[in-house]
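The values are calculated or read from the model by the stated rules, or taken from the named source; none is laboratory data. Bear in mind the structure is a predicted one, so any value in this text is a computation, not a measurement. When we count neighbours, we look across all protein chains shown, and the Cβ atoms used for this are built from the backbone with ideal geometry, even at glycine. Ligands, DNA and RNA are excluded from the accessible area calculation, which covers all protein heavy atoms including side chains. Shrake-Rupley method; radii C 1.70, N 1.55, O 1.52, S 1.80 Å.
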Amino acid sequence: MINFQYARANDVADAVRQIAGSANAKVIAGGTNLIDLMKMDVERPTKVIDITRLPLKQVENTPGGGLLIGALVRNTDLAYHPLVEGHYPVLASAIMAGASQQLRNMASTGGNLLQRTRCPYFYDTAMPCNKRTPGSGCSAIDGHNRMHAILGSSDACIATHPSDMCVALAMLEAKVHVTGASGDRVIAFGDFHRLPGDTPQRDTNLNAGEIITAVELPPKGFATNYTYLKIRDRLSYAFALVSVAVGLELDGDTIKEGRFALGGVAHKPWRDPRAEAELRGQPANVATFARATDVLLSDAKGYAHNTFKIDLARRCIVRALSQAARGTPQSQSSKKIL
Ligand SMILES: Cc1cc2nc3c(=O)[nH]c(=O)nc-3n(C[C@H](O)[C@H](O)[C@H](O)COP(=O)(O)OP(=O)(O)OC[C@H]3O[C@@H](n4cnc5c(N)ncnc54)[C@H](O)[C@@H]3O)c2cc1C
Ligand code: SF4
């Protein structure tokens with residue numbers, strides 16, 4: 001048993017003050033990841049600051065026509081929110097593809113962005129892991145790496161980011177609102193999570209002591225032509241081998257704008273502007289989708305057990321783009337799940 005102090009924060013300023021005042025403090029929201037990590041001795045905070053009473057539970061329209069989602073909005077509440085179901089159905093689908101109903105009832109928006117990798121060696125303190133213990137080595141590179149990255153990995157770490165919600169947020173070009181002792185700032189979603197490089201212990205570009213207060217969605221929601229497709233070992237309660245969030249804006253059969261982000265393949269949700277450029281102005285057909293997919297996967301690299309993911313990703317992207325073009329998203333909408 002590791003002793004730690006428990007404290008509640010009364011407001012955002014109080015939370016920031018308490019984190020700044022304690023060298024190894026962690027905030028806790030839904031607790032669905034942090035508690036597991038503490039039980040497994042991976043995280044050892046000296047102080048746990050409960051932020052669940054902070055007023056960050058609203059989903060509201062922004063003056064610019066977007067949506068501001070408080071960091072403490074539960075995953076279930078967000079997926080079923082009428083503004084999300086109506087304008088950002090790809091986000092509702094992605095959330096409902098993650099975890100289980102009980103977990104989604106607890107998990108928060110901020111916590112989902114900051115959940116840690118599911119690499120089994122990261123959770124096994126008997127094994128070397130550069131993310132958990134920098135400089136100790138990576139057990140996955142020559143170990144069992146079926147779930148690991150095929151894009152953007154490094155010699156130090158080949159872990160993937162496990163979130164479904166983040167894949168849709170990357171495609172939608174969300175922004176992350178954060179605050180800390182040096183004030184407030186807004187981070188573009190594409191810059192929020194990091195590639196492992198030689199500092200895999202850092203998952204994000206959040207500075208020490210900063211907390212997430214909200215996630216902002218821009219007005220464009222791709223509510224007509226979208227898909228979230230998740231391929232996994234079981235239909236429920238399993239992390240993605242590969243997932244894809246797609247949004248298309250069509251003019252007849254021609255693609256005005258096309259975006260796609262991948263999950264389960266890299267240390268962060270993966271987008272490639274070169275691949276999306278292949279879609280612009282082109283007919284919405286399988287030949288176009290295959291060309292864009294080839295560009296995105298041109299740098300993909302497999303390891304001993306996960307090379308199958310490259311072909312899986314190829315098929316998954318073409319299928320998701322085809323479904324989106326037809327306006328038949330197919331994968332779980334929150335309504336169908338009910
Ligand atoms: C069995 C299981 C299956 C799962 N399957 C999936 C899946 O298929 N897809 C998927 O996407 N997810 C899945 N999850 C993960 C789940 O979605 C996350 O655990 C959850 O989203 C984390 O949110 P939380 O509020 O519980 O975070 P917590 O556990 O409270 O916190 C997680 C981390 O975020 C930090 N944190 C939390 N809120 C803030 C904030 N506002 N500002 C700064 N730091 C903050 C905490 O300090 C901690 O480091 C699964 C989890 C489990 C246990
Ligand atoms: S892939 Fe990353 S998280 Fe997994 S063992 Fe290697 S360093 Fe650790």
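Here are a few things to note about the model shown:
- Eligible aspartates and glutamates near LYS256 by straight Cα distance, threshold 14 Å, same-chain separation 8 or greater: GLU276, GLU278
- Relative packing of peptides 154-166, 242-254, 14-26, 305-317 - highest average C-beta neighbours within 10 Å first: 154-166, 242-254, 305-317, 14-26
- Prolate/oblate/rounded call for the range 216-327, Cα gyration tensor, a/c under 1.5 rounded: prolate
- You can think of it this way: the chain between ASN285 and ARG44 has 81.6 nm of extra reach, that is 0.36 nm per residue less the Cα-Cα gap.
- For SER139, nonlocal amide neighbours, meaning residues 5 or more places apart or on other chains whose placed amide H falls under 5 Å from its own, are ASN130.
- Centre-to-centre separation between the Cα atoms of the range 280-330 and those of the range 232-250: 12 Å.
- Listed by chain and number, the lysines whose alpha-carbon sits under 19 Å from that of LYS230, ignoring those within fewer than 8 places in the same chain, are LYS268, LYS309, LYS335, LYS336.
- Rounded if a/c under 1.5, otherwise prolate or oblate - the chain, Cα gyration tensor axes: oblate
- Angle of helix 308-326 to the longest C-alpha principal axis of the chain, folded into 0 to 90 degrees and rounded to 10: 60°.
- Pairs of Cα atoms in the range 205-244 fall into 5 Å distance bins, from 0 up to the last occupied one, in shares of 5, 15, 13, 11, 15, 23, 14, 4 percent.
- Pairwise alpha-carbon distances in the range 1-158 exceed 18 Å for 67% of all pairs.
- Helix-only CD estimate at 222 nm, as mean residue ellipticity for the chain, using -39500 (n - 2.57) per DSSP H run (n ≥ 4): -7500 deg cm²/dmol
- Percent carbon-and-sulfur accessible area, the range 1-43, ignoring ligands, DNA and RNA, probe 1.4 Å: 49 percent
- Only one residue of GLY247, ASN285, LEU235 has its Cα farthest out toward the positive end of the dipole of the range 235-295, where Lys and Arg carry +1 and Asp and Glu -1 on Cβ, and that residue is LEU235.
- Which listed pairs, of LYS39/LYS131; LYS26/LYS220; LYS220/LYS301, have C-alpha distances above 27 Å, in listed order: LYS26/LYS220; LYS220/LYS301
- What the range 1-92 shows is 50 Å² of accessible area per residue, with the surface traced by a 1.4 Å probe over protein heavy atoms.
- Note: relative contact order over the range 224-322, using C-alpha pairs below 8 Å and six or more positions apart, is 26 percent.
- Taking every protein chain into account, the accessible area of the range 196-338 amounts to 44 square angstrom per residue (probe 1.4 Å).
- Residues whose amide H falls under 5 Å from that of THR204, counting only those 5 or more places apart or on a different chain, are ARG194, with hydrogens built in the peptide plane.
- Axis angle, to the nearest 10 degrees, between helix 286-296 and the longest C-alpha principal axis of the chain: 40 degrees.
- Built amide H within the under 5 Å cut-off of LEU250, gap 5+: LYS256
- Straight-distance candidates among the lysines for linking to LYS57, with alpha-carbon spacing under 19 Å and chain neighbours fewer than 8 residues away dropped: LYS175.
- Relative contact order computed over the range 1-130 (Cα-Cα under 8 Å; 6+ residues apart), in percent: 25 percent
- Protection proxy ranking, peptides 199-211, 100-112, average beta carbon neighbours within 10 Å, highest first: 100-112, 199-211
- Relative contact order (%) - criterion: Cα under 8 Å, at least six apart; region: the range 208-270: 24 percent
- Whole-percent carbon and sulfur share, accessible surface of the range 202-301, 1.4 Å: 51 percent
- Order by protection proxy (mean Cβ within 10 Å, highest first), peptides 35-45, 137-147: 137-147, 35-45
- Under 11 Å, Cβ to Cβ, from VAL16 - net charge with Lys/Arg +1 and Asp/Glu -1: -3
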